[in-house]
Amino acid sequence: MSQDALTKLAMELAAWPSDGREKVTPQGRVNEKMWLQRRAELINKPSWDDAPEWAEWLAQDEDGSWWFFNGRPKLAADFWYHGDHKEDPRFGKKALNGGLPAGHDWRQTLERRPTESKESGVMYAIHGRTKEHRPYRDAAFRPEGYEHVWEIVQADADGWIPWEGGECPLPSGQWVEVRYRIGACRKGFAGNWSPGWWSAPGDIAGPDDIIAYRPILDESSEPETPD
């Protein structure tokens, strides 16, 4: 089958017949695997391996263009947007152009960056009252009692904990590295940042909001599990 004929079929056929049989056309035979592969090529979804470090969301617009966003975008009439301006580099970046085959709904393409597996990531135990962070390596450990409640949080392979806004999650004297929405990083004591930097409400998100943090701990003094 010619590439043009396969492209036409991939664009016009929304779903492969349930019987799974090959299709016979004047241009030749085509099977479901060939059809699926050509559709994927036409949709041209970007790989997260090529995403900017700051990107957390991916979506496709009605014109077929794919965009990375640093916060969850909203759906407009024919495109996705985040922040005040569609092409503001503080909030989003165009990735690739793609197609819209029959049965492929661009409105359903929104996805979040895949999380790291627990095997490759870092886990922290966070004290509910003091906000103390400790490396956590014993998944079976579950402390009891309100005054000693620890929340187990998954970070990525580099130790970054995603932050979606709220009260500062660390003791004010904790040394920490933060990542801003714009992508820049900075180290300092958690109390150095005012509450507004940590709160990052989605409706008035700014480029300097904190979107992730990484506690800087003295590993030599930390126990294997919280007690």
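Laboratory data are not the source of any read-out in this text; all were calculated from the coordinates shown. Predicted model only: the values in this text are computed from it and were never measured. Here the Cβ is made from the backbone with ideal geometry for all residues, glycine too, and neighbour counts use every protein chain on show.
Condition check ((1) farther than 25 Å from Tyr180 by Cβ; (2) among the aromatic types (Phe, Trp, Tyr); (3) not in a strand (DSSP E or B)) across all residues:
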position: Trp16; (1), (2), (3): yes, yes, yes
position: Arg21; (1), (2), (3): yes, no, yes
position: Leu36; (1), (2), (3): yes, no, yes
position: Glu41; (1), (2), (3): yes, no, yes
position: Glu53; (1), (2), (3): no, no, yes
position: Leu58; (1), (2), (3): no, no, no
position: Gly83; (1), (2), (3): no, no, yes
position: Lys94; (1), (2), (3): no, no, no
position: Pro101; (1), (2), (3): yes, no, yes
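Any idea which residue in segment 166-202 is nearest to Trp150 (Cα to Cα), counting only those that are under 24 Å from the mean Cα position of the chain (by Cα) and part of a strand (DSSP E or B)?
Here the residue is Val176.
Across segment 60-79, what is the number of residues that are assigned to a strand (DSSP E or B), touching a helix residue (DSSP H, G or I) at 6+ places or on another chain (Cβ under 8 Å) and either acidic (Asp, Glu) or surrounded by fewer than 17 Cβ atoms within 10 Å (Cβ to Cβ) (or both)?
Within segment 60-79, residues that are assigned to a strand (DSSP E or B), touching a helix residue (DSSP H, G or I) at 6+ places or on another chain (Cβ under 8 Å) and either acidic (Asp, Glu) or surrounded by fewer than 17 Cβ atoms within 10 Å (Cβ to Cβ) (or both) number 1.
Across segment 166-180, what is the number of residues that are under 11 Å from Tyr213 (Cα atoms) and free of Cβ contacts under 8 Å to residues at least 60 places away in the same chain?
8
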